[in-house]
1. For the range 31-78, how many residues are over 20 Å from Thr16 (Cβ atoms), open to solvent by 30 Å² or more (accessible area, probe 1.4 Å) and within 13 Å of the ligand (Cβ to nearest atom)?
2. I'd like to check something: does the range 89-101 contain any residue that is open to solvent by 50 Å² or more (accessible area, probe 1.4 Å), within 15 Å of the ligand (Cβ to nearest atom) and not hydroxyl-bearing (Ser, Thr, Tyr)?
3. Please go through the range 65-79 and pick out each residue that is under 13 Å from the mean Cα position of the chain (by Cα) and polar (S, T, N, Q).
4. Being at pLDDT 95 or above and near the ligand (Cβ under 10 Å from one of its atoms) is the requirement here; does Ala28 meet it?
5. For the range 9-75, which helices (runs of 4 or more DSSP H) that fit wholly inside it have 2 or more residues that are touching a helix residue (DSSP H, G or I) at 6+ places or on another chain (Cβ under 6 Å)?
6. Which residue out of Val62, Val99, Val91 is within 12 Å of the chain's Cα centre (by Cα), at pLDDT 95 or above and within 14 Å of Ile7 (Cβ to Cβ)?
Amino acid sequence: MPKLTFISADGETVKTVESPVGITLMEAARNAGIDSVAGDCGGACICGTCHIYIDSAWWAKVGEPIDIEQATMEFSEHITPHSRLACRIEVTGDLDGLVLRVPPED
Ligand code: FES
């Protein structure tokens, strides 16, 4: 199973978990107990509570957000060029080793 590493907003907590393929990064975060990736809308791309930063080394592999995702993220005060919504990204074997950072709370 691919390993995913979540880093808290303050950088103090680093948690590496194994995730099954085929679920989203939002589901993987929730399964891992990453409370700050709430996923309130259940993956419908309307709440923005699964906002996450993709480590720059992984950006090319994960890819750019689609238009509706970008529009949802615009409501965040903490959007960056490496922002994505975790519910829009499927865990695949290619993402083994992926590093994600949790944004500060809005
Ligand atoms: Fe709501 Fe991702 S879970 S936008």
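The values are calculated or read from the model by the stated rules, or taken from the named source; none is laboratory data. Just so we're clear, the structure is a prediction, and the values are computed from it rather than from any experiment. Here Cβ is always computed from backbone atoms with ideal geometry, including for glycine, and neighbour counts include all displayed protein chains. Heavy atoms of the whole protein, side chains included, go into the accessibility calculation; ligands, DNA and RNA do not. Shrake-Rupley method; radii C 1.70, N 1.55, O 1.52, S 1.80 Å.
1. Residues meeting the conditions: 14.
2. yes
3. Just the residues of the range 65-79 that are under 13 Å from the mean Cα position of the chain (by Cα), to begin with: 65, 69, 73, 79.
Once the filter is applied, which keeps residues that are under 13 Å from the mean Cα position of the chain (by Cα) and polar (S, T, N, Q), the range 65-79 yields nothing.
4. On the way: at pLDDT 95 or above: yes; near the ligand (Cβ under 10 Å from one of its atoms): no.
Criteria not met by Ala28.
5. Numbers: elements: 25-31, 59-62, 67-73.
The helices (runs of 4 or more DSSP H) meeting that bar are 25-31.
6. Working: Val62 fails: within 14 Å of Ile7 (Cβ to Cβ); Val91 fails: within 14 Å of Ile7 (Cβ to Cβ).
One residue alone meets the criteria, Val99.
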